[in-house]
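S.K.: Below is one structure. I have some questions about it.
Read-outs: derived from the displayed coordinates by stated rules, not from any lab. Small disclaimer: the values here were computed from a predicted structure and weren't measured. With ideal geometry, Cβ positions are generated from the backbone for all residues, glycine too; neighbour counts draw on all protein chains shown.
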Ligand SMILES: [Zn+2]
């Protein structure tokens, strides 16, 4: 259902923001969600246009794909937190040694400690 009243490429009726019907936006313009699907974010670019659907009830902003930037996988702080958690999981609580694998939760300590105890 094409609603001409929402098709406003010049943005005359929408405060200067080019407005298109859902699925009628020109190529190269993507929603934040569509960019995310390709591992991109809009970055610092301004909103390029908007799409309208559901009889003008729903709006979504569009961004230019060529100005989009790759999503940063994780910040340094996030990585540090992950590493810390990982190191904690790999460190034996009994002898304090750090291993390259998770300490079996069943034992709560490394195999050397488990064996040393049972021996
Ligand atoms: Zn141990």
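S.K.: With each run of n ≥ 4 DSSP H residues scored as -39500 (n - 2.57), what mean residue ellipticity at 222 nm is computed for the chain after dividing by its residue count and rounding to the nearest 500 deg cm²/dmol?
M.R.: -7000 deg cm²/dmol
S.K.: Moving on to the next point. On a full-extension model of 0.36 nm per residue, what is the gain between residue 98 and residue 118, subtracting their alpha-carbon distance, rounded to one decimal in nm?
M.R.: Gain in length upon complete extension: 5.1 nm.
S.K.: For the residues 94, 118, what sequence is obtained by ranking on other C-beta atoms within 10 Å, fewest first?
M.R.: Numbers: 94 15, 118 6.
Ordered from fewest to most neighbouring Cβ atoms within 10 Å, 94, 118 come out as 118, 94.
S.K.: Right, next: Sorted from fewest to most neighbouring beta carbons within 10 Å, what does the list 12, 103 look like?
M.R.: 12, 103
S.K.: Moving to a separate point now. Take the chain, connect every pair of alpha-carbon atoms lying under 10 Å apart with a spring to form a Gaussian network, then pick out the residue of 64, 33, 44 with the largest mean-square fluctuation.
M.R.: Highest fluctuation among the options: 44.
S.K.: Using the beta-carbon distance between residue 82 and residue 105 and R0 = 22 Å, what value does 1/(1 + (r/R0)^6) give for FRET efficiency, to the nearest 0.05?
M.R.: Approximately 0.75, to the nearest 0.05.
S.K.: Please give the Cα centre distance for the range 92-119 versus the range 10-25, rounded to the nearest Å.
M.R.: 63 Å
S.K.: Which of 86, 53 has the fewest other C-beta atoms within 10 Å, and how do the rest follow up to the most? The partial results should precede the final answer.
M.R.: On the way: 86 11, 53 17.
Going from least to most buried by this count: 86, 53.
S.K.: Per 5 Å bin, what is the whole-percent P(r) computed from every C-alpha pair distance within the range 76-118?
M.R.: Per 5 Å bin, starting at zero, the Cα-Cα P(r) for the range 76-118 comes out as 6, 25, 29, 17, 11, 7, 3, 2, 0 percent.
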